[in-house]
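Student: I have a structure I would like to understand better, so I am pasting it below and will then ask my questions one at a time.
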Amino acid sequence: MILPDSQIRPLLPTLFPGHWEGLRDANRVQPASVDLTIMGPLCRVTAPSGERVSEVYVPAGLRPGLSVLSEIGGGTASPRTWVLRPGMFYLISTHERIVMPNDLVGRVDGRSSWGRVGLRIHATAGFIDPGFAGNITLELDVAGGPVEIREGDSICQVSFHKLFGAVERPYGTSSKYQDQVGVTAARPLEKGNSR
């Protein structure tokens, strides 16, 4: 069962500690989801040669160049803005930190207005496990012409799906992305464990 707004609102303090009042006051609760906003830095996976970018993170154990994140300048103005180009793959973080209870699953999707200008948001990893806590690293790419985004834009939404009971093994402290803050690059898969 997907939770409606009437069931999401009372859960905001649990789901978004530290952010729930802002979500409530900005009317970010939709009929069956919550709109989330983005914060910099914006990072690009494998920057084109010759571009001036600063390295943010190189995952250990991966071949050089495959998953190198490069921070893209957004200027000093507030809010920062970025122009995303087709053919590139980007990562950015939600401003809001989420804490999933052990009896809910979250689903992150792009918002339709952004999809209609060619911005694809979180197309492959939209599942938020029960027990997960942290910022959500969003995966972005562009179909069509360049798209401009700015810090604070609400480009994605999360819906909540009720489980029949609490999970026995929630996403937790030994999981790869638990308590991530800001943009987090791919971490190597361990044999036999995708978490």
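Student: Please indicate, with yes or no, whether at least one residue in the range 31-46 is outside any strand (DSSP E or B), surrounded by fewer than 18 Cβ atoms within 10 Å (Cβ to Cβ) and at pLDDT 90 or above.
Tutor: Yes, the range 31-46 contains at least one residue that is outside any strand (DSSP E or B), surrounded by fewer than 18 Cβ atoms within 10 Å (Cβ to Cβ) and at pLDDT 90 or above.
Student: Right, here's the next one. Quick one: how many residues across the range 1-44 are of a type in the set (K, R), more than 18 Å from H95 (Cβ to Cβ) and touching a residue at least 24 places away in the same chain (Cβ under 8 Å)?
Tutor: Total meeting the criteria: 1.
Student: In this structure, is G165 under 16 Å from L84 (Cα atoms), assigned to a loop (DSSP other than H, G, I, E, B) and in contact (Cβ under 8 Å) with a residue 12 or more places away in the chain?
Tutor: It is false that G165 is under 16 Å from L84 (Cα atoms), assigned to a loop (DSSP other than H, G, I, E, B) and in contact (Cβ under 8 Å) with a residue 12 or more places away in the chain.
Student: Examine the range 103-118 for a residue that is at pLDDT 90 or above, buried (at least 19 other Cβ atoms within 10 Å of the Cβ), out of contact with any helix residue (DSSP H, G or I) (no Cβ under 8 Å at 6 or more places or on another chain) and aromatic (F, W, Y), and state whether such a residue exists.
Tutor: No: the range 103-118 contains no residue that is at pLDDT 90 or above, buried (at least 19 other Cβ atoms within 10 Å of the Cβ), out of contact with any helix residue (DSSP H, G or I) (no Cβ under 8 Å at 6 or more places or on another chain) and aromatic (F, W, Y).
The values are calculated or read from the model by the stated rules, or taken from the named source; none is laboratory data. This is a predicted model, so every value here is computed, not measured. Using ideal geometry, Cβ is built from the backbone for each residue, glycine included, and neighbour counts are taken over all protein chains shown.
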